[in-house]
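Nothing in this text is a laboratory measurement; each read-out follows from the coordinates by a stated rule. A quick note: this is a predicted structure, and the numbers were derived from the prediction, not measured. Cβ atoms come from the backbone with ideal geometry, glycine included; neighbour counts cover every protein chain shown.
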Amino acid sequence: MFAVIKTGGKQYRVAAEDVITVATLAGEPGSTVTFDQVLMVTNDNGTQVGAPLVEGVTVTGEVVEHTRGEKVIAFKKRRRQNSRRKRGHRQDYTVVRITEILAGGAKPKKAAAKKTTKAAADDAAPAETAAE
């Protein structure tokens, strides 16, 4: 099962457990994001193509990290003019792990929520033992 989603003005083909790099999204690492703009979905029943979006289908993912891309240098030179311009740029990105594709208006599983609360509890446990 896979889907084609649209985010940040670009389209991505995603399946469960895929890790994609998209334009910066709001959210801390470990938080859940939902992509509502699903353009196409393929499953056991066949392929659904939206006009422009497929109704009742969402894709959920988990923010893995926020990162930056490679440095891009824009260098302009005008010959015999003693004119040069050098500019650098690094794009901000968010790395997202796709958890599931939800069809028919289904709600996301609580596994991702349990995972984050378990991680928070594990982080709190050493602090309690250190305080004693």
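At a glance:
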item	result
Fewest-first ranking of Val96, Val63, using other Cβ atoms within 10 Å as the exposure measure	Val63, Val96
Ile98, Ile20 arranged by Cβ crowding within 10 Å, fewest neighbours leading	Ile20, Ile98
Stretch gain in nm, segment Ala23-Arg80, where the contour uses 0.36 nm per residue and the Cα spacing is subtracted	16.6 nm
His89, His66 arranged by Cβ crowding within 10 Å, fewest neighbours leading	His89, His66
Residue-span extension gain [Thr47 to Glu65] - 0.36 nm each, minus C-alpha spacing	3.3 nm
